[in-house]
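The values are calculated or read from the model by the stated rules, or taken from the named source; none is laboratory data. In this text, all values refer to a predicted model and were calculated from it rather than measured experimentally. Neighbour counts run over all protein chains shown; Cβ positions are idealised from the backbone, glycine included.
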């Protein structure tokens, strides 16, 4: 079940800058905070060198595979993933994190909120009567004839 808080969080995240437009150092810094939080939520610790490796690999993979996501969306994905919203998992690693991000990216929640944010295209179609169509045809023919008379060339 999706809460209004989750919908609001996704809506906000969808309106922020995309990973593809962010400097690599900023992506890594943000992912460092997110990944550290995931480990804390799970009650686990990670060695500094392992954390650096994880952040470097995750940053590269996310930049290549999900440049249209925002950092906030990655945060939502990993938060929901560690809390079990995307199924059972066996270990915290880059592969697990990427599967959570993919699950979020393809989720009904994200797609639904994204559709809500898209501007609605309203067709401004006017229907013309037969009389109006005939009048436009006559006007166009007269304009073409006058143009031909003035220039000697067909328009």
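Tell me the residue from 54, 25, 5 that is touching a residue at least 40 places away in the same chain (Cβ under 8 Å) and either in contact with a helix residue (DSSP H, G or I) (Cβ under 9 Å, 6 or more places away or on another chain) or part of a helix (DSSP H, G or I) (or both), please.
54
Are there any helices (runs of 4 or more DSSP H) wholly within the range 70-118 with 3 or more residues that are at pLDDT 95 or above and closer than 18 Å to residue 40 by Cα, and if so which?
By residue number, 71-82, 94-105.
Of the residues that sit in the range 104-117 and are in contact with a helix residue (DSSP H, G or I) (Cβ under 7 Å, 6 or more places away or on another chain) and crowded, with 16+ Cβ neighbours inside 10 Å, which one is farthest from residue 54 (Cα to Cα)?
Top of the filtered list is 113.
Being more than 16 Å from residue 34 (Cα to Cα) and either at pLDDT 90 or above or part of a helix (DSSP H, G or I) (or both): is that true of residue 150 here?
For residue 150, the condition - more than 16 Å from residue 34 (Cα to Cα) and either at pLDDT 90 or above or part of a helix (DSSP H, G or I) (or both) - is met.
Working only within the range 120-138, note down all residues that are exposed (fewer than 10 other Cβ atoms within 10 Å of the Cβ), part of a loop (DSSP other than H, G, I, E, B) and either touching a helix residue (DSSP H, G or I) at 6+ places or on another chain (Cβ under 6 Å) or at pLDDT 75 or above (or both).
Matches in the range 120-138: 127, 129.
Residues 88, 24: which one is exposed (fewer than 14 other Cβ atoms within 10 Å of the Cβ), more than 26 Å from residue 118 (Cβ to Cβ) and under 22 Å from the mean Cα position of the chain (by Cα)?
One residue alone meets the criteria, 24.
Yes or no: the range 42-56 includes at least one residue that is closer than 14 Å to residue 95 by Cα and under 18 Å from the mean Cα position of the chain (by Cα).
no
When residues of the range 68-84 are filtered for being farther than 15 Å from residue 13 by Cβ and either exposed (fewer than 14 other Cβ atoms within 10 Å of the Cβ) or not assigned by TED's automatic domain parsing to the domain that holds residue 102 (or both), how many remain?
Within the range 68-84, residues that are farther than 15 Å from residue 13 by Cβ and either exposed (fewer than 14 other Cβ atoms within 10 Å of the Cβ) or not assigned by TED's automatic domain parsing to the domain that holds residue 102 (or both) number 2.
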